[in-house]
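This report concerns only the one structure given below.
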Amino acid sequence: MNRTPVQISPDSPQLREVLDLIRQCFAYMDGRVDPPSSMHRLTLEALSKQAVAGEVWVIGAPVVASVVLTPRLEVLYLGKLAVVEDLRGRGLARTLVELALARARSMGLNAVELQTRIELVENHEAFARLGFERCGTTTHSGYDRPTSITMRRSVH
């Protein structure tokens, strides 16, 4: 398997594979996170728009790993990182995080940032192992408690 990430275009047929991978990888959150994952509102059209507003990267054909990157003011936002279950632990997520760091540097941004739900402690630990540090919390509309933590990694 070629482990080199490839950026896909807004009209790529691989967008369907990315959507399916995200749905498979995020399904375990059902019943664990409140509010429910935004994955339930994700569509092919939204992913296509994301490929215009930001970037969608994949590893493999068929797709075995993917990530969505969105430039913000001073950071590159890393979202919807997904790796097929039977290939986890083989460095694919790390490859996509390193790609995000390189993309952020090339855009003149200071850091890569992500959010993970409060309930998903195993994700907090996995991102910490990838060099991310907790830097804040956010609260979804209608909630009176933090629902996500924000994690950041400097590009330097």
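All conditions but one from (1) of a type in the set (Asp, Glu); (2) modelled with pLDDT of 95 or more; (3) farther than 21 Å from residue 135 by Cβ apply to residue 34; the one that does not is (2). Restricting attention to region 5-33, and to residues there that are of a type in the set (S, T, N, Q) and open to solvent by 80 Å² or more (accessible area, probe 1.4 Å), which single residue is nearest to residue 103 (Cα to Cα)? Across region 5-33, the extreme among qualifying residues is 7.
Of everything in region 121-141 that is assigned to a loop (DSSP other than H, G, I, E, B) and in contact (Cβ under 8 Å) with a residue 12 or more places away in the chain, the residue that is least open to solvent (accessible area, probe 1.4 Å) is 132. Exactly one residue out of 105, 94 is open to solvent by 70 Å² or more (accessible area, probe 1.4 Å), in a helix (DSSP H, G or I) and either touching a residue at least 40 places away in the same chain (Cβ under 8 Å) or aromatic (Phe, Trp, Tyr) (or both): that is 105. Within region 34-86, the residues that satisfy the criterion of being in a loop (DSSP other than H, G, I, E, B), free of Cβ contacts under 8 Å to residues at least 40 places away in the same chain and open to solvent by 40 Å² or more (accessible area, probe 1.4 Å) are 36, 43, 73, 74. Taken over region 5-31, the residue count meeting the criterion of being modelled with pLDDT of 95 or more and either hydroxyl-bearing (Ser, Thr, Tyr) or at positive phi (or both) is 2. Is it true that residue 64 is under 18 Å from residue 21 (Cβ atoms) and touching a Lys or Arg at 6+ places or on another chain (Cβ under 6 Å)? So residue 64 does not fit the description; no. Inside region 109-120, residues that are within 15 Å of the chain's Cα centre (by Cα) and open to solvent by less than 60 Å² (accessible area, probe 1.4 Å) make up a count of 7.
The values are calculated or read from the model by the stated rules, or taken from the named source; none is laboratory data. What you see is a predicted model, and the numbers here were worked out from it, not measured in a lab. Quick reminder, even Gly has a Cβ in these numbers, built from the backbone with ideal geometry, and neighbours come from all protein chains shown. Heads up: the accessible areas ignore ligands, DNA and RNA and are worked out on the full protein's heavy atoms, side chains in. Shrake-Rupley method; radii C 1.70, N 1.55, O 1.52, S 1.80 Å.
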